[in-house]
């Protein structure tokens, strides 16, 4: 192989923002190895200033087209914390369902549309659809079920319209919940088939390990003790594999966990807690909460040999498959509970007060933090958001620093492919705020 | 989109209203929805849908429809504010993507995937509108703002075909 390698997966546009992979190797010496995010700042925190407390979740839902439910949910929770609002058990359970729908749609999308093409040796899901049509149709079916679930609970697939501080503007009817239950039950065999398809090519996941700190939520809400929702995406304190059972942080201290800082190679902020980087996402949640997985999720765990000692970041996508199975079963459990108790519209009462509120929930790609402050009229005076992608940037960089020397002897193309696959394992949210077309007309 | 029957035609506004002119599709579909709710625009067999920046979800939004009309901000090399009607076959995408994330989406690729899977509507029409600026901002720029009526007239013509 050549002793020199120059990898430059680069995009110049600052409008959309992209991640760049830059590697320069000269005479087998690594001169440069960087994960760069030259994204234009989006100033969402400035946009919410001066807006009413009940506008916030609508505005911030536009931060991301994939995780819009998570952004709306965490913003709503932070507003409720600021205003001292408590929600009913019914609201909490319906929000859980909504959140599970996003985990399912996002995980299936991530594994099926972004990671599977790599494992099958295809450039994207479009050629994969031609090569493995049946497999892609299964993936699409599961994704569609999750989207229908989001549409039912959030009012539409993305950018929810049913959330409001203090409650919900709409809850599903008993009949809709029964239909949803039947649809989810029907989806289980397809989801198992999707796992089998991924398992058949899982040998193509790079053999790479790097132990790091894994940060996620840990359930503290007694309402969910002993239920499948004890594996938390929505409530609890912040924990990590470095906490070893002590030193967990309440979410209102999230700024002391994220410890955001700036670096030269990126316009996006980086984060660190006990070490120089940490991992946020399905693998972190799994490591901190695996004992609470549902029976089907445990089957997936076993199929792939996933364990809490797994340190391969590419296995994040396997952890997502386990979580996809888990949220289906956790959803069925909540639907049964709602049907047993009976579901009905509830009145929302809000008394305004000045104050600051914090919240943290698990977006599909990892723990997500928001904080807002309001004056006595309910107008926002300050906001702060910290997305999982920013929390993972330093970790991607550290993965690169171990991965490049390990695989550099395989040559430039193979190394580039592995580095791109690593980024895709995280699927960073770095170009989500704009999706415009760019075309030339065929004359 | 809900469980059950879907309407034959869907009008999808795409884009992000907190990124200035990038949100033209969502602004227009919001206006069209209001007109339909007021009985000033057909709605019996037509669904008006804010697709936001959902990207790949479009696959499901357009599935099982006979016709999809997509409204989106579009870099076409024309004067800002220009609206053009075209079909996916009329254009080549020149959008540069790193293929590192699902968060970057080329809608034309989603349509290609829908065709591959046999889940594409019989007819897809795209209304592209040339932006002035795409940057964090919660309102449209001129001339797009004052041309909303013209855009609605163009889309109405398509709906009345």
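The values are calculated or read from the model by the stated rules, or taken from the named source; none is laboratory data. Only a predicted model underlies this, so the values are computations on that prediction, with no experimental measurement involved. All Cβ positions, glycine included, derive from the backbone under ideal geometry; neighbour counts span all protein chains shown.
Looking only at the stretch B:149-161, which residues are within 16 Å of residue B:70 (Cα to Cα) and either part of a helix (DSSP H, G or I) or modelled with pLDDT of 95 or more (or both)?
B:151, B:152, B:153, B:154, B:155, B:156, B:157, B:158, B:159
Taking the stretch A:227-247, which residues are surrounded by 24 or more Cβ atoms within 10 Å (Cβ to Cβ) and under 14 Å from residue A:308 (Cβ atoms)?
Result: A:231, A:239, A:240.
Suppose the filter is without any contact (Cβ under 8 Å) to a residue 60 or more places away in the chain and over 19 Å from residue B:9 (Cβ atoms); does residue B:140 pass it? Break it down into steps so the answer makes sense when it comes.
Working: without any contact (Cβ under 8 Å) to a residue 60 or more places away in the chain: no; over 19 Å from residue B:9 (Cβ atoms): yes.
When the stated conditions are applied, residue B:140 does not pass them.
Are there any pairs with C-beta distances below 9 angstrom linking a residue in the stretch A:182-197 that is closer than 17 Å to residue A:134 by Cβ and more than 14 Å from chain B (Cβ to nearest Cβ) to a residue that is modelled with pLDDT of 95 or more and surrounded by fewer than 16 Cβ atoms within 10 Å (Cβ to Cβ), with the two at least 6 apart or on different chains, and if so which?
A:192/A:299; A:195/A:299
Take the conditions within 14 Å of another protein chain (Cβ to nearest Cβ) and either within 24 Å of residue A:173 (Cα to Cα) or modelled with pLDDT of 95 or more (or both) and apply them to residue A:51. Does it pass?
Working: within 14 Å of another protein chain (Cβ to nearest Cβ): yes; either within 24 Å of residue A:173 (Cα to Cα) or modelled with pLDDT of 95 or more (or both): yes.
Yes: the conditions hold for residue A:51.
Regarding residue A:279, is this residue buried (at least 23 other Cβ atoms within 10 Å of the Cβ) and assigned to a strand (DSSP E or B)?
Values: buried (at least 23 other Cβ atoms within 10 Å of the Cβ): yes; assigned to a strand (DSSP E or B): yes.
So residue A:279 fits the description; yes.
I'd like the full set of residues that are assigned to a helix (DSSP H, G or I), in contact with a helix residue (DSSP H, G or I) (Cβ under 9 Å, 6 or more places away or on another chain) and modelled with pLDDT under 95, limited to the stretch A:201-223. Don't jump to the end; show me each part of the working.
First, the residues of the stretch A:201-223 that are assigned to a helix (DSSP H, G or I): A:202-204, A:222-223.
Still in the running and in contact with a helix residue (DSSP H, G or I) (Cβ under 9 Å, 6 or more places away or on another chain): A:202-204, A:223.
Correct list: A:223 only.
Would you confirm whether any residue within the stretch A:78-91 is surrounded by 16 or more Cβ atoms within 10 Å (Cβ to Cβ), modelled with pLDDT of 90 or more, within 14 Å of chain B (Cβ to nearest Cβ) and touching a helix residue (DSSP H, G or I) at 6+ places or on another chain (Cβ under 7 Å)? Before the answer, list the steps.
At the first step, the residues of the stretch A:78-91 found to be surrounded by 16 or more Cβ atoms within 10 Å (Cβ to Cβ) are A:78-83, A:85, A:87, A:90-91.
Those still in the list that are modelled with pLDDT of 90 or more too: A:78-83, A:85, A:87, A:90-91.
Now narrow it down to the ones that are within 14 Å of chain B (Cβ to nearest Cβ): none.
Looking for residues that are surrounded by 16 or more Cβ atoms within 10 Å (Cβ to Cβ), modelled with pLDDT of 90 or more, within 14 Å of chain B (Cβ to nearest Cβ) and touching a helix residue (DSSP H, G or I) at 6+ places or on another chain (Cβ under 7 Å), one finds none in the stretch A:78-91, hence no.
(1) at pLDDT 90 or above; (2) in a helix (DSSP H, G or I); (3) in contact with a strand residue (DSSP E or B) (Cβ under 9 Å, 6 or more places away or on another chain): which one isn't true of residue B:120, the others all being true?
(2)
Please tell me if residue A:94 is surrounded by fewer than 24 Cβ atoms within 10 Å (Cβ to Cβ) and at pLDDT 95 or above.
When the stated conditions are applied, residue A:94 does not pass them.
Hey, can you tell me all the residues within the stretch A:294-353 that are closer than 26 Å to residue A:395 by Cα, in a loop (DSSP other than H, G, I, E, B) and touching a residue at least 24 places away in the same chain (Cβ under 8 Å)?
Scanning the stretch A:294-353 gives A:310, A:311, A:312.
Can you confirm whether the stretch A:28-36 contains a residue that is modelled with pLDDT of 95 or more, surrounded by 24 or more Cβ atoms within 10 Å (Cβ to Cβ) and either within 11 Å of chain B (Cβ to nearest Cβ) or within 30 Å of residue B:22 (Cα to Cα) (or both)? Spell out the reasoning first.
First pass over the stretch A:28-36, keeping only residues modelled with pLDDT of 95 or more: none.
No, the stretch A:28-36 contains no residue that is modelled with pLDDT of 95 or more, surrounded by 24 or more Cβ atoms within 10 Å (Cβ to Cβ) and either within 11 Å of chain B (Cβ to nearest Cβ) or within 30 Å of residue B:22 (Cα to Cα) (or both).
Give the residue, chosen from B:51, B:128, that is at the interface with chain A (Cβ under 7 Å from one of its Cβ atoms) and crowded, with 19+ Cβ neighbours inside 10 Å. Spell out how you get there, then give the answer.
Values: B:51 fails: at the interface with chain A (Cβ under 7 Å from one of its Cβ atoms).
Every option except B:128 fails the conditions.
Let's see how each residue does on (1) part of a loop (DSSP other than H, G, I, E, B); (2) touching a helix residue (DSSP H, G or I) at 6+ places or on another chain (Cβ under 9 Å); (3) at negative phi:
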site: B:25; (1), (2), (3): no, no, yes
site: B:36; (1), (2), (3): no, no, yes
site: B:40; (1), (2), (3): yes, yes, yes
site: B:61; (1), (2), (3): no, yes, yes
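Take the stretch A:129-160 and flag every residue that is more than 9 Å from chain B (Cβ to nearest Cβ) and over 19 Å from the mean Cα position of the chain (by Cα).
Matches in the stretch A:129-160: A:131, A:132, A:134, A:135, A:138, A:141, A:155.
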